[in-house]
1. Consider A51 carefully, then state whether it is within 22 Å of H155 (Cβ to Cβ) and either part of a loop (DSSP other than H, G, I, E, B) or not assigned by TED's automatic domain parsing to the domain that holds V145 (or both).
2. If only one of L365, L370, L335 is without any contact (Cβ under 8 Å) to a residue 40 or more places away in the chain, of a type in the set (A, V, I, L, M, F, W, C) and out of contact with any Leu (no Cβ under 9 Å at 6 or more places or on another chain), which one is it?
3. Condition test on T74, is it of a type in the set (S, T, Y), in contact (Cβ under 8 Å) with a residue 40 or more places away in the chain and in contact with a strand residue (DSSP E or B) (Cβ under 6 Å, 6 or more places away or on another chain)?
4. Being of a type outside the set (D, E), closer than 15 Å to V353 by Cα and surrounded by 15 or more Cβ atoms within 10 Å (Cβ to Cβ): is that true of G469 here?
5. Quick check on this structure: which one of S136, S127, S146 is more than 18 Å from I210 (Cβ to Cβ), of a type in the set (G, A, S) and in a strand (DSSP E or B)?
6. Take region 77-106 and flag every residue that is assigned to a loop (DSSP other than H, G, I, E, B), without any contact (Cβ under 8 Å) to a residue 40 or more places away in the chain and not small (G, A, S).
7. Picking from E430, E368, which residue would you name as being surrounded by fewer than 21 Cβ atoms within 10 Å (Cβ to Cβ), outside the structural domain of E33 (by TED's automatic domain parsing) and modelled with pLDDT of 95 or more?
Amino acid sequence: MFRHLLVAVIATGLVQAAPVAKSLVRIETTSQEPDYKTPWSPGEVSGGVGAGFIISGNRIMTNAHVVSNARFLTVSKEGDPKPHPAKVVHIAHDCDLAILTVEEPGFFRGTTPLELGGIPAIESTVSVYGYPIGGSKLSVTQGIVSRIDFQPYSHSGMDSHLTIQIDAAINPGNSGGPVLQGGKVVGVAFQGYSGDVAQNVGYMIPTPVIKRFLKDIEDGHYDRYVDLGLSYKDLFNPAARHALGLTDDDSGVLVGSVYGGGSSEGIVKPGDVLLAIDGLPIASDATIPMDNDSVPLAEVVERKFKGDTVTLDILRDRKPMQLKIPLNGPWPFTLHSNAYDEDPRFVVFGGLVFQPVDQNWMTALQPEDLRLRYTFDFYIEDKLYKERPEIVALSGILADPVNAYASDFRNGILDEINGRKILRLSDAAEEFAKPADYYVIKMAGIGRPIVLERKAVEQARQRILSRYGVIREQNL
């Protein structure tokens, strides 16, 4: 009896998977991770496997993390093991989505583009398709939708978007695969917990995020998400509500911080009470009614694009006001986001290696310098970006007699070269290119400078490059 039951289950799975097989692709990636400790090096080469699925326009959708830092990509169709070279057309690291294409004639012949559906209901069943743990054959698992909420996207390490939690594990190889319900895509599998954190918990990117990405790239360019650039706090406390002039109607949230460089800077003030966004009332738990559900108020901005505006109804000093917020790009917030598909930037001079500080650099070098860590951590909150559009640090020293006394300055912030304030890495390159007998290099917060004699630097140049295998002296 058990044998017949097992056969029936397998047969049912095959029937469900058969149509999807014409839409699914297996992606093999050869990638090269940049080395921020030796930024002139090409980096380590590695390989990986992920999934993707075909959508309208002869396009393949997958996760950004499946194809990030890729040097060579191939895709193969289910039932056709032949690998076909592919290329990335659009990639969105902030929402972990990418579009690939295959230029080989006839690749899309016989395939079936999948259509996008809506947001699945809580406790409804979905099916996850992919190639977990690097398998070469299609795998199908089912899960129950258990939560719809804002969650951090681990690929960027900074961004949070709408996410759907299911009780099916998302393993390596599932990434980029479609999550289906009723024959339509309701999400893209993209991240999960390791077994020592949570069992059988996976996450998918829901269709509002997918549709926004597809809308953004219609002009041929991806502009990234926009953001209000502020924080807010729940307003449940009756005494706090009374002090702010609010009634006991469970509405409104209190603005905590307005981040420098964000869309709301100079328009919204800390202490303002947000009552509505684009006409939608804001509850005291920071949710709004949308799509027949209660969602975080940020979802209004999530669906907008660079150049759009959002309207806020607020209470300021007990007086009602309406504000228009023009939504702009994410700088300087991207400093704290993981970066991909770009080579480390650097300048080598006299064996001193200077680099701009970002999340990749901080993760790779793990500096202990307290001034540097403070500047990085509070770059936005303390509006330090207004003083330093880039944080340029002395990231390494290629030891040589010409710089033998400079070790105490490692991981310090570059402040001046020959009296010029260094605001960007390109400023340092320009100063080092100018003829001078000596180069006086001042680091922030350190009284004594580094002094390099040009003649000694020129004599040591080739010696240092050869000794440490430095193939180029700068990448700006």
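The values are calculated or read from the model by the stated rules, or taken from the named source; none is laboratory data. None of the values given here were measured: they were computed from a predicted structure. Neighbour counts are summed over all protein chains in view; Cβ atoms, including those assigned to glycine, are modelled from backbone coordinates with ideal geometry.
1. yes
2. L370
3. Considered against the rule, which asks whether it is of a type in the set (S, T, Y), in contact (Cβ under 8 Å) with a residue 40 or more places away in the chain and in contact with a strand residue (DSSP E or B) (Cβ under 6 Å, 6 or more places away or on another chain), T74 comes out as yes.
4. Working: of a type outside the set (D, E): yes; closer than 15 Å to V353 by Cα: yes; surrounded by 15 or more Cβ atoms within 10 Å (Cβ to Cβ): no.
Answer is no for this residue.
5. Among S136, S127, S146, only S146 is more than 18 Å from I210 (Cβ to Cβ), of a type in the set (G, A, S) and in a strand (DSSP E or B).
6. So the first thing to find is which residues in region 77-106 are assigned to a loop (DSSP other than H, G, I, E, B), and the list is 78-79, 93-96, 102-106.
Imposing the further condition that a residue be without any contact (Cβ under 8 Å) to a residue 40 or more places away in the chain reduces the set to 103-106.
E103, E104, P105, listed by residue number.
7. E430
Yes/no per residue for (1) surrounded by fewer than 21 Cβ atoms within 10 Å (Cβ to Cβ); (2) over 19 Å from Y153 (Cβ atoms); (3) modelled with pLDDT of 90 or more:
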| residue | (1), (2), (3) |
| --- | --- |
| I205 | no, no, yes |
| K215 | yes, no, yes |
| E218 | yes, yes, yes |
| D250 | yes, yes, no |
| V253 | no, yes, yes |
